[in-house]
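Any read-out appearing in this document is the output of simple, stated calculations on the displayed coordinates, not a laboratory observation. All values derive from a computational prediction rather than experimental measurement. Methodologically, a virtual Cβ is constructed for each residue, glycine included, from the backbone with ideal geometry; neighbour enumeration extends over all protein chains shown.
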Amino acid sequence: MEGDIEKINRDAERRMAKTVGTLKADLAKVRTGRAHAGLLDHLRVDYYRTPTPINQVANVTVSDSRTITVTPWEKSMVAVVEKAIRESDLGLNPATSGQAIRIPLPPLTAERRNELAKVVRGEGENAKIAIRNIRRDCNHHIKDLLKKKNISEDDDRRAEDVVQKLTDRFVAEVDKVVAAKEQDIVTI
């Protein structure tokens with residue numbers, strides 16, 4: 001009945017918000033040419049035979065707009081952390097001085113900026129597809145309620161309108177997130 005429709009709408013909103021959150025997390029990993037500590041979050045190091053995130057074995061800080069400093073808590077981890085950064089997909093070249101590892105971020109070329117902008121747009125499109133799939137699932141559940149005669153056709157139309165408004169809202173939010181990240185990438 002009405003409670004079922006509310007449950008479907010709440011579930012749709014929660015899932016769509018989670019999709020946008022995932023998009024933001026994925027885009028945070030895209031390098032913009034400016035240093036930020038989150039750039040290394042997805043990297044893992046071998047900490048006593050256990051793959052461990054770098055930020056759990058070292059202090060990751062931003063020393064200036066183009067340099068990240070990583071200071072492992074244990075001296076034995078310096079070489080391991082440096083190797084993990086060097087072998088990552090980020091294309092970074094860390095330099096070790098004592099116990100601190102400095103990672104200079106090279107400026108991005110115009111060509112690389114355009115490639116990254118395409119990647120960001122692709123991620124945004126994937127998020128929109130996920131949101132539309134959530135809309136389709138919700139509409140399918142609403143149609144099932146109608147077939148079982150749990151709701152009227154008017155309730156069906158109203159519920160689908162609510163789901164469409166949610167979809168529009170979250171697609172607009174994805175567009176906003178993608179536009180902000182693209183702007184971040186192309187700005188020197």
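Tabulated data for the structure shown
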item	result
GNM top mover of E74, E82, E115 - the chain, alpha-carbon springs below 10 Å	E74
Identified option (computed Cα extents along the principal axes in Å; candidates [x] 52, 37, 33; [y] 58, 41, 36; [z] 72, 40, 21)	[z]
For segment 149-156, 3J(HN,Hα) per residue [Karplus equation, 6.51 cos²θ - 1.76 cosθ + 1.60, θ = phi - 60°, Hz, x = Gly/Pro]	6, 7, 9, 8, 5, 5, 4, 4
Extreme residue, positive dipole direction of segment 37-104, given options V70, H42, A100 (C-beta unit charges)	A100
Length added when fully stretched, R10-Q183, from 0.36 nm per residue minus Cα-Cα	59.0 nm
The chain, relative contact order in percent, only Cα pairs under 8 angstrom and at least six apart counted	27
Mean separation of Cα contacts under 8 Å, 6 or more apart, over the residue count of segment 1-94: relative contact order %	19
Cβ-based charge dipole, segment 1-83, positive-most Cα from A12, A58, T22	A58
Among 121-133, 48-60, the order from most to least packed when residues are scored by Cβ within 10 Å on average	121-133, 48-60
Pairwise FRET efficiency - S65 versus A17, Cβ, R0 = 41 Å, nearest 0.05	0.85
Gain in span if fully extended, V119 to K24, counting 0.36 nm per residue against the direct Cα distance	32.9 nm
Nearest-20 debye value, segment 1-135 charge dipole, Cβ charges on Lys, Arg, Asp, Glu	220
